[in-house]
1. Pairs needed: first member in segment 29-41, within 12 Å of residue 57 (Cα to Cα); second member anywhere, part of a strand (DSSP E or B) and open to solvent by 30 Å² or more (accessible area, probe 1.4 Å); C-beta distance under 9 Å; at least 6 residues apart or different chains.
2. Looking only at segment 158-201, count how many residues are touching an Asp or Glu at 6+ places or on another chain (Cβ under 8 Å) and not aromatic (Phe, Trp, Tyr).
3. Check residue 51 against each of (1) farther than 17 Å from residue 7 by Cβ; (2) touching a residue at least 12 places away in the same chain (Cβ under 8 Å) and name the one condition it does not meet.
4. Can you find a residue in segment 67-90 that is buried (at least 17 other Cβ atoms within 10 Å of the Cβ) and charged (D, E, K, R)?
5. Can you pull out every residue in segment 58-79 that is of a type in the set (A, V, I, L, M, F, W, C), assigned to a helix (DSSP H, G or I) and over 26 Å from residue 226 (Cβ atoms)?
6. Between a first residue in segment 133-157 that is outside any helix (DSSP H, G or I) and a second residue that is small (Gly, Ala, Ser) and crowded, with 20+ Cβ neighbours inside 10 Å, which pairs have beta carbons less than 6 Å apart while being 6 or more apart in sequence or on different chains?
7. Going through segment 158-189 one residue at a time, which ones are among the charged types (D, E, K, R), assigned to a helix (DSSP H, G or I) and surrounded by 14 or more Cβ atoms within 10 Å (Cβ to Cβ)?
8. Quick check, is residue 139 touching a strand residue (DSSP E or B) at 6+ places or on another chain (Cβ under 9 Å) and more than 21 Å from residue 210 (Cα to Cα)?
Amino acid sequence: MNNPIGVFDSGVGGLTVVSEIMRQLPGENLVYFGDTARVPYGSKSKKTVLKYSKQIVRFLKTKNVKAIVVACNTASALALDEIAEELDIPIIGVVKPGAKMAVETTKTGNVGVIGTESTVKSGIYNDYIRELDSDVTVVSKPCPLFVPLVEEGLLEDRVTDDIVGRYLRVMKEYKVDSLVLGCTHYPLISNAIERFMGKRVKLVNPAFETAKSLKELLTEQGMLNTSKQKPEYQYYVSDGVEKFISFADSVLPYHVTNTEIVDIESY
């Protein structure tokens, strides 16, 4: 099935998921939408996130996508279930795969979850993790400044190290040994997080696990792209093409050129 896979995020963080999909499913065509005009989603209400997500899904459907990946933890937490009920194609988020890996990797039963205000407040990671193993203790912490730090490109900066230390001190106090990076922006500052938490703590990147789940889903449903043609990648944003391209170059394995602005409010 040659139709592309649609991927969307509130901004550039979802490119970490795109990168993993390219690596694990190198034959698949992709359409990415980054809602760069309205980032971040993490401080917005469920009603607003649902409205934005539905607009983006309607846009992706115009590209004849065969499946959709919600590469945004906030949208996965607040909008995924409702959207899935209305769709006639498969849709997956980043929360369930990340929760599953956290349970599989912890040895002490102390799991940390960091994410946006909305994701943490929703309790969705806690619910999934406890569903998988009721003996696990989950420590959650919203880290609202991480997204703007990433969007500004401050990946290796003293300011980022300071903020990481301030937010994650509680994770050390609870002696977590598995830490879910519950926002697709966060893997981009994983060096700073690892420096503070230490090598003993396993950082769970839902991007890797989501690409793995997507591959399993497409295989099960006979939807893998089996053509030998070079895959096509299309990129769309709601604002700031130059900034997006600059950022994409630091995340993806090749230079992005074909990025277009979409008036997403019209969908």
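The values are calculated or read from the model by the stated rules, or taken from the named source; none is laboratory data. On a predicted model such as this, the values are computed, not experimentally measured, just so you know. Here the Cβ is made from the backbone with ideal geometry for all residues, glycine too, and neighbour counts use every protein chain on show. Ligands, DNA and RNA are stripped out before the accessible areas are found, and what is left, the full protein with its side chains, is counted by its heavy atoms. Shrake-Rupley method; radii C 1.70, N 1.55, O 1.52, S 1.80 Å.
1. Taking only residues 6 or more apart or on different chains, the pairs are 31/233; 31/234; 32/233; 32/234.
2. Total meeting the criteria: 7.
3. Unmet condition: (2).
4. Scanning segment 67-90 turns up no residue that is buried (at least 17 other Cβ atoms within 10 Å of the Cβ) and charged (D, E, K, R).
5. 59, 75, 77, 78
6. Here the result reads 139/112, each pair linking segment 133-157 to a residue that is small (Gly, Ala, Ser) and crowded, with 20+ Cβ neighbours inside 10 Å.
7. Residues satisfying the conditions are 161, 172.
8. Yes; evaluated as a whole, the condition is true for this residue.
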